[in-house]
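Q: Submitted below is the structure of interest, expressed as structure tokens.
The values are calculated or read from the model by the stated rules, or taken from the named source; none is laboratory data. Just so we're clear, the structure is a prediction, and the values are computed from it rather than from any experiment. Backbone-built Cβ (ideal geometry, glycine too); neighbour counts: all protein chains shown.
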């Protein structure tokens, strides 16, 4: 079960990153970094996580013209990371070129598409972004485009996971952020689910950040989340 948890490192310093990876690498294998940490520290932050024994999920959310993303994906493929993201709204050409460039450098790297952010809901989608399609239908459409373009999977909320699993089967990765344990509030996220709910709906990986990074005892909190998912035997052995 520990292989299905991804820790979103929503922290401000490389020292905090090091502490969290050291403390949690026995029960969490993949650590996600986003724009804040990468902007502050650059590729060095990826090296820090790797040296501490963690695998890296770079949530880059690339979104630009195809030639720019192609070159960026090629560099990402040289970094030895586990997975990275780009926006499916960039279109099929951008996605195809990114996949080819990254996998030419690192065959096993996973390229994932961002569909609709879990901080958005149907009202924002229509009133602010001008997308009239139902939110779930839009997510399915973007996921279909991602699969056709050669992506390994998508980032999606737990609300759409069950439909996507039925449509795309077991070989398409579904990574679900917006996870809030039953003992925590939902924060900024709108389309949220508990860890157990997300797994039951078909998630391959769960992305969890602040409920762990801001906990007084991140290790015990992680163990509690594992237990909530249903990994009691694992929890007893490691925690």
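Q: Among all residue pairs at least 6 apart or on different chains, which show Cβ distances below 6 Å where the first residue, located in the range 20-47, is more than 23 Å from residue 219 (Cα to Cα) and the second is modelled with pLDDT of 95 or more and in a helix (DSSP H, G or I)?
A: 41/14
Q: Taking residue 210, is it within 16 Å of the chain's Cα centre (by Cα) and surrounded by fewer than 17 Cβ atoms within 10 Å (Cβ to Cβ)?
A: Against the criterion (within 16 Å of the chain's Cα centre (by Cα) and surrounded by fewer than 17 Cβ atoms within 10 Å (Cβ to Cβ)), residue 210 qualifies.
Q: For residue 112, only one of the following conditions fails: (1) in a strand (DSSP E or B); (2) without any contact (Cβ under 8 Å) to a residue 24 or more places away in the chain. What is its number?
A: The single condition residue 112 does not satisfy is (2).
Q: Would you check which residues across the range 100-116 are under 18 Å from the mean Cα position of the chain (by Cα) and more than 20 Å from residue 205 (Cα to Cα) and list them?
A: Result: 102, single match.
Q: Name the single residue, out of those in the range 115-126 being under 26 Å from residue 171 (Cα atoms) and without any contact (Cβ under 8 Å) to a residue 60 or more places away in the chain, that is surrounded by the fewest Cβ atoms within 10 Å (Cβ to Cβ).
A: Among them, the one singled out is 117.
Q: Being surrounded by fewer than 22 Cβ atoms within 10 Å (Cβ to Cβ) and touching a strand residue (DSSP E or B) at 6+ places or on another chain (Cβ under 9 Å) is the filter; apply it to the range 31-40 and report the residue that is nearest to residue 110 (Cα to Cα).
A: Result: 34.
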